[in-house]
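What follows is one structure encoded as structure tokens, with my remarks underneath.
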Amino acid sequence: MELAGLPQGFDGLRIVHLSDLHGHQYGKDSRDLLSLVKAQQPEMILITGDLIDQARQLERIPSLARGLAAIAPCYYVTGNHEWSVGTGTVRELKRILADCGITVLSNQYEGLERGGDRLALAGVDDPNGFADQKSPERLYQEIQGAEPGVYTVLLAHRNDCFGQYASAGYDLVLSGHGHGGIVRLPFTDGLLGTDRRFFPTWTAGVYTQGESTLFVSRGVGNNTVPIHGFRLFNRPEVAVVTLKAVGVTE
């Protein structure tokens, strides 16, 4: 993925982007999924929400989380379904992930360094979370106040909020939630959005708005809402994203 303004030190950064597992397991203790992720040799694993959509699925998280953290540094933000289960479940999920070595970004950011350059990796909780939570706009302003001009990457579950994130100033956004538009049709971004509107946009792949870029994963699993519980011409994916700084040559 070519990105204008990406610091040259991050050119070639290989990322595995996971989203929307919805409590599904892939092999005993998620071994099949972990094997697939490891084979991609990522430098970083980014998880954009909806790991679970039922409280009982929490028991499946430790083996997955420990396995991912053993492969590469991992970062996670919540999706709408975790919050729909309940705030207590969200707190427990965040605790489990942190205990297993995954960094949970709850309306906060971390500075990352590579090749002598620096960027800010930010993450926001889903809007289904607390009503008084820090806004993405305020978080961006805090980042730029601390490190003016730093290239800023945002993890945010909801693909359909890209306009808001682009207006806030984020350079790169990674999201899930769209499930590829459920049914992929030629010349469209899918038949049905997760908001139950027909012919959604920003559901899979790379998009730009102004100077911001969005990458949306189609997701790994299917949720428990019947109409969203299937796919047609829309395979699930473990997305592998390699960042490319525009103007950098091999």
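The values are calculated or read from the model by the stated rules, or taken from the named source; none is laboratory data. The model shown is predicted, which means the values in this text are computed figures rather than measured ones. Quick reminder, even Gly has a Cβ in these numbers, built from the backbone with ideal geometry, and neighbours come from all protein chains shown. Ligands, DNA and RNA are excluded from the accessible area calculation, which covers all protein heavy atoms including side chains. Shrake-Rupley method; radii C 1.70, N 1.55, O 1.52, S 1.80 Å.
Would you be able to tell me the number of residues in region 97-107 that are crowded, with 16+ Cβ neighbours inside 10 Å and either farther than 15 Å from ASP125 by Cα or of a type in the set (A, V, I, L, M, F, W, C) (or both)?
Within region 97-107, residues that are crowded, with 16+ Cβ neighbours inside 10 Å and either farther than 15 Å from ASP125 by Cα or of a type in the set (A, V, I, L, M, F, W, C) (or both) number 5.
How about region 1-88: which strands (runs of 3 or more DSSP E) wholly inside it have at least 3 residues that are open to solvent by less than 10 Å² (accessible area, probe 1.4 Å) and small (Gly, Ala, Ser)?
Correct list: empty, since no element meets the threshold.
Mind telling me which of the residues ASP125, ASP132 ends up being surrounded by fewer than 17 Cβ atoms within 10 Å (Cβ to Cβ) and part of a loop (DSSP other than H, G, I, E, B)?
ASP132
Filter region 12-45 down to residues that are over 16 Å from the mean Cα position of the chain (by Cα), within 21 Å of LEU121 (Cα to Cα) and without any contact (Cβ under 8 Å) to a residue 60 or more places away in the chain, then give me how many there are.
The number of residues fulfilling the criteria is 1.
Of the numbered conditions (1) open to solvent by less than 20 Å² (accessible area, probe 1.4 Å); (2) within 23 Å of VAL153 (Cα to Cα), LYS94 satisfies every one except a single condition; which is it?
(1)
Residue by residue through region 135-160, note down the ones that are in a helix (DSSP H, G or I), modelled with pLDDT of 95 or more and open to solvent by 10 Å² or more (accessible area, probe 1.4 Å).
The answer is PRO136, GLU137, ARG138, TYR140, GLN141, GLU142, GLN144, GLY145, ALA146.
Kindly list, by first and then second residue, each pair from a residue in region 125-145 that is without any contact (Cβ under 8 Å) to a residue 60 or more places away in the chain to a residue that is among the hydrophobic types (A, V, I, L, M, F, W, C) and in a helix (DSSP H, G or I), limited to pairs with Cβ atoms under 7 Å and residues at least 6 apart or on different chains.
ASN128/TRP83; GLY129/TRP83; PRO136/ALA168; GLU137/ALA168; TYR140/ALA168
When TYR165 is evaluated against the numbered criteria (1) part of a helix (DSSP H, G or I); (2) under 27 Å from SER84 (Cα atoms); (3) open to solvent by 60 Å² or more (accessible area, probe 1.4 Å), which criterion, by number, is the only one it fails?
(3)
Yes or no: GLY111 among the small types (Gly, Ala, Ser), open to solvent by 20 Å² or more (accessible area, probe 1.4 Å) and in a strand (DSSP E or B)?
When the stated conditions are applied, GLY111 passes them.
Could you please tell me which pairs satisfy a Cβ distance under 7 Å, a separation of 6+ or placement on different chains, a first residue in region 160-177 that is touching a residue at least 60 places away in the same chain (Cβ under 8 Å), and a second residue that is open to solvent by less than 20 Å² (accessible area, probe 1.4 Å) and among the aromatic types (Phe, Trp, Tyr)?
If the second residue must be open to solvent by less than 20 Å² (accessible area, probe 1.4 Å) and among the aromatic types (Phe, Trp, Tyr), the pairs left are ASP171/TYR151.
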